[in-house]
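First up is the structure itself, then whatever we jot down about it.
The values are calculated or read from the model by the stated rules, or taken from the named source; none is laboratory data. What you see is a predicted model; the values in this text were computed from it and never measured. Here the Cβ positions follow ideal geometry from the backbone for every residue, glycine too, while neighbour counts run over all protein chains shown. Side chains included, ligands, DNA and RNA excluded: accessible areas come from the protein's heavy atoms. Shrake-Rupley method; radii C 1.70, N 1.55, O 1.52, S 1.80 Å.
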Amino acid sequence: MRSNSTVFILFIAIFLISSTAFGQGYGVVSGTVMDTTGTPKEGVKVAVSNTKLFSVTRGDGKYYLQVPVLKSNEIIITYGKNFSKKFEVKPLKKDEIFVLNIKEDFTYEVGTVDFTYHKENLMMVSVSPKIFEFAPDPTGGGVEFFIKHLAGVSSNNELSSQYSVRGGNYDENLVYINDIEIYRPQLVRSGQQEGLSIIHPDMVSGLQFSAGGFEAKYGDKLSSVLDIYYKEPDTFHAKVYGSLLGAGATLEGASENHRLTYLIGTRYRTNQYLLNALDVKGQYRPSFLDAQLYVTYDLRDNLEVSLFSYYGMNKYLSIPQSQSTSFGTVNQSFRLDIEFAGQEIVEYNGLVNGLTLKYKPTKAATYKWINSVYNNDERESFDVIGSYTLGQLENDLGNQNFGKLKNLIGAGAYLNHARNKLSSTIYSSEFKGEYAPENNMINLQYGLKFQHENISDKLSEYRYIDSVDYSVPHRDLDTGHHPLKVYEYIYSQNTQSWNRYSAYIQNAWSIAPEYNATLIAGIRGNYWDYSKEFIYSPRIQFYFEPNLKYNRGLVNMNLPDSSLAKLARKNYRIKLATGFYHQPPFYRELRSLNGTLNPEIRAQKSYQIVGGSDVNFKFWDRPFRFSAEAYYKYLWDIIPYEIDNVRIRYYAKNNAVGYATGMDLQLNGELVKDNPSWISLSYLKTQEDIKDDIKIKYNYKTGNTETTYPRYIPRPTDQRIRFALFFQDYLPKHPSYKAHLSLIFGSGLPFGPPDYNRYKDTLRMPPYRRVDIGFSKLLFDREKQQTKYKSLKNFRSIWASAEIFNLFNIDNTISYIWIQDVAGNHWGVPNYLTSRRLNIHLEMKF
């Protein structure tokens with residue numbers, strides 16, 4: 001905590017000193033931005049080049065922009081992704097006003113062709129935060145809720161913000177906020193314990209996501225990268241909201257000269273209302289609270305310092321009382337009844353502080369020095385006793401006892417105990433550089449990073465099972481004997497610290513601008529002094545637009561728009577990425593099932609190739625994009641693992657090889673104006689071969705055992721089919737009434753008995769099927785409505801929403817309880833997720 005306080009004091013000192021050192025005064029550039037018809041243009045950004053001074057035009061097209069004095073200034077106007085133009089303004093004196101009215105053609109699409117030269121990386125999906133502003137999201141995160149609707153992304157748990165990508169697990173995804181890497185809690189067992197995601201959706205200015213084939217500048221993970229940047233606001237705004245699931249507020253603004261910007265957000269969430277819909281009845285007292293701060297300050301026109309700070313307190317208390325779960329088929333139905341005693345407490349507090357210095361000495365060069373401290377303190381404590389009965393239900397419709405217990409086939413009790421603690425502190429310092437000249441022919445990026453990690457872990461848990469009045473013995477496979485002992489006992493204490501060193505360099509070459517042909521090649525290296533392993537990862541991306549040169553030629557012929565649209569060829573882009581993607585272990589990967597550490601652990605490694613195409617077109621006179629990607633990953637030095645709900649337990653051995661292959665299809669566009677919708681379909685097959693797994697079968701007739709060696713088996717995330725839809729609409733003549741629909745289907749995941757023999761995990765859960773819908777009404781809009789009530793004049797807008805979660809009340813399975821009956825058979829009883837719930841949401845902006 002002392003280091004965090006020092007960082008904050010240093011920032012305040014710099015702020016106070018620089019406030020006086022650089023106060024030289026400003027001139028003013030103001031005017032109106034219009035299109036070619038003279039209509040004022042809203043939402044155009046007018047900025048001073050190489051500074052953070054900018055303004056955004058209002059509905060009347062007017063802007064007001066402060067500029068440095070006593071020197072010429074380059075004014076840049078931008079609109080959307082594709083329009084940009086520069087103007088030169090003469091030197092102004094302090095407080096001098098220069099009027100610059102601008103009239104331009106802001107249309108950049110003709111017919112189905114976008115003729116603008118793009119510099120975007122097409123292996124990344126760019127998303128505006130407006131898309132998920134009113135999404136019917138049970139987790140309240142917004143960002144992750146939308147990510148789950150993208151092609152290649154999978155999640156079968158609406159209570160969790162975690163997701164898997166193209167056959168990877170939750171630990172294989174990179175997440176950055178303002179260039180600072182974010183880590184997930186380690187002890188969480190279920191989605192209801194998870195609490196708030198660190199990403200605050202109301203603070204996000206934009207995000208990029210890649211499901212594979214990302215550049216060398218991103219870190220060492222196997223599956224995906226989510227790159228998020230928070231806002232740097234230009235005017236004062238505030239927002240407060242409340243619902244049955246929690247409340248929150250954000251505050252943003254900037255100083256008059258735009259040198260200082262600030263963004264503050266706080267959230268409180270309790271999912272008690274949702275948890276009351278679970279099969280397990282009892283007292284749920286979840287409480288999740290966080291606060292975030294993002295401040296930037298320009299020490300000079302080309303020197304900026306920024307501070308990102310986060311603190312989260314998450315507590316989950318559960319006092320289960322009873323559970324009644326029915327399962328089976330129409331012909332054969334069963335019910336598990338459990339009476340509980342005890343309680344479960346999970347607490348984890350997270351702290352992140354990041355200080356970044358950004359220096360831009362020239363238009364082409366940018367340097368960043370990023371320093372961060374991450375601390376997470378997690379505690380898990382529970383003693384839960386369950387007394388259960390398992391019975392068959394009467395399924396004869398003509399029987400008066402229909403639906404009641406007919407036969408008792410199992411009874412017993414169990415005790416789950418845990419006292420676990422995990423504390424992790426991560427210090428990192430990183431330098432990044434970029435050189436991007438105005439001719440766009442190259443874009444050189446490089447970086448160096450040092451990271452120090454401290455881990456303190458105490459693991460103490462056991463599980464005792466007593467079935468049908470006798471203790472279940474745990475069979476010893478080596479001796480064949482059945483000693484009496486608890487079903488599972490784990491105790492360990494580990495304290496470790498280590499260092500990681502990484503570096504990367506990459507460059508983007510514009511090899512044929514007339515086709516927008518771009519080659520990005522780079523390499524990154526990583527060394528971990530715990531395992532003494534050095535890994536390197538070369539990566540390449542290439543994309544081009546085959547029809548761009550032809551279409552630009554049509555534009556130069558000055559043809560009428562109608563002729564141009566008929567002659568223009570489809571605007572599509574071809575893309576290819578390949579390279580090595582390796583993942584050094586964090587702490588959980590090197591901790592085995594019994595809590596011991598494996599010092600011989602190595603990084604998981606993969607070679608990946610991704611190929612695809614994007615097509616831009618118009619439908620109903622609206623812009624759309626269709627994307628298709630096929631991929632193949634070869635994996636080696638895999639660390640096998642088990643997943644129970646969201647808890648991942650690793651075997652801590654690099655004893656498997658595997659692969660993942662599939663195809664992702666995605667269509668997105670505006671079915672209605674300014675309201676994008678997305679639809680995606682994915683196919684995936686991922687398998688692994690655990691080298692030293694052995695299948696032993698006992699022959700009761702001969703008294704001998706038979707040994708076989710399983711080959712490739714499905715990985716825990718092997719979800720073959722995934723379909724997701726996010727749809728937005730509003731009433732044609734009443735756009736203040738909006739509807740938001742989320743639909744997700746995912747085929748069943750592999751599972752098996754909880755004996756840590758992966759070759760048995762060949763059963764399939766039922767498919768995940770869920771529909772959430774929300775309805776929103778704009779109650780007040782200051783720009784469009786006049787009011788006689790003074791109290792309403794302080795609001796920019798007021799929205800009210802109603803959301804129905806799990807519209808069709810489908811029982812989705814997340815995991816299984818394993819019960820033994822009197823005949824020694826094991827029954828997997830499903831744990832269901834939440835049923836239908838109604839949520840009310842009110843949002844007010846100032």
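Probing with 1.4 Å while keeping every protein chain in the model, the per residue accessible area of the chain equals 44 Å². Restricting the calculation to Cα atoms, the range 572-722 yields a radius of gyration followed by a Dmax of 21.5, 75 Å.
Could you work out the per residue convex hull volume over the alpha carbons of the range 212-325, in cubic angstrom?
That works out to 165 Å³ per residue.
Overall shape of the range 744-845 was characterised from the C-alpha gyration tensor. The equivalent ellipsoid obtained from it has semi-axes of 50, 12, 11 Å, in decreasing order.
Across all directions, the average flat footprint of the convex hull enclosing the Cα atoms of the range 481-570 is 15.0 nm². Listed by chain and number, the lysines whose C-alpha is less than 21 Å from the C-alpha of LYS432, apart from same-chain residues fewer than 8 away, are LYS52, LYS119, LYS217, LYS221, LYS231, LYS358, LYS360, LYS363, LYS368, LYS449.
Would you work out if the chain is rounded, prolate or oblate? Take a ≥ b ≥ c from the square roots of the eigenvalues of the alpha-carbon gyration tensor; rounded if a/c is under 1.5, else prolate when a/b is larger than b/c, oblate otherwise.
Working: a/c = 1.76, a/b = 1.66, b/c = 1.06.
Since a/c reaches 1.5 and a/b is larger than b/c, the shape of the chain is classed as prolate.
Ranked by the mean number of other Cβ atoms within 10 Å per residue, highest first, peptides 710-719, 319-328 order as 710-719, 319-328. Remark: the range 592-609, residue by residue, has Karplus-estimated 3J(HN,Hα) of 6, 4, 9, x, 7, 9, 9, x, 8, 5, 10, 5, 6, 10, 8, 10, 10, 9 Hz, where x stands for each Gly or Pro and the curve is 6.51 cos²θ - 1.76 cosθ + 1.60 at θ = phi - 60°.
Across the alpha-carbon set of the range 132-189, the Rg to Rh ratio works out to 0.95, Rh being the Kirkwood radius.
Mean separation of Cα pairs under 8 Å and 6+ residues apart, divided by the residue count of the chain: what relative contact order is that in percent?
10 percent
Rounded to two decimals, the Cα-based Rg/Rh of the range 130-280, with Kirkwood Rh, is 0.98. Sorted from greatest to least, the principal axis extents spanned by the alpha carbons of the range 793-846 come out as 73, 20, 11 Å. The value obtained for the range 192-263, namely the Cα convex hull volume divided by the number of residues, is 137 Å³ per residue.
Each Lys and Arg adds +1 at its Cβ and each Asp and Glu adds -1 at its Cβ; summed about the Cα centre, the range 315-397 shows a dipole of about 1240 debye. In percent, rounded to a whole number, the relative contact order of the range 684-810 is 19, using alpha-carbon pairs under 8 Å and six or more apart. Residues in the range 796-834 near a label at GLU42, defined as backbone nitrogen under 18 Å from the 7 Å Cα→Cβ point? Counting only backbone N, you get 796-799. Projection of the Cα convex hull of the range 643-739, averaged over all directions and equal to a quarter of that hull's surface, yields 11.1 nm².
From the gyration tensor of the Cα coordinates in the range 113-216, what semi-axes in whole Å does the equivalent ellipsoid have, largest first, with each one equal to sqrt(5λ)?
25, 16, 13
Sorting 166-175, 619-628, 514-523 by average packing, meaning the other beta carbons within 10 Å per residue, from highest down gives 166-175, 514-523, 619-628. Using only the alpha-carbon atoms, how far is helix 2-21 inclined from the longest principal axis of the chain? Give it as 0 to 90 degrees, nearest 10. Orientation of helix 2-21: about 10 degrees from the principal axis. Pairwise Cα distances in the range 514-626 exceed 16 Å in 73 percent of cases. Under 16 Å of direct C-alpha separation, and excluding same-chain neighbours fewer than eight residues apart, LYS738 reaches these aspartates and glutamates: GLU133, ASP137, GLU670, ASP674, ASP729, ASP772, ASP781, GLU803, GLU843. The accessible surface of the chain, taken with every protein chain in place and a 1.4 Å probe, is 57 percent carbon and sulfur.
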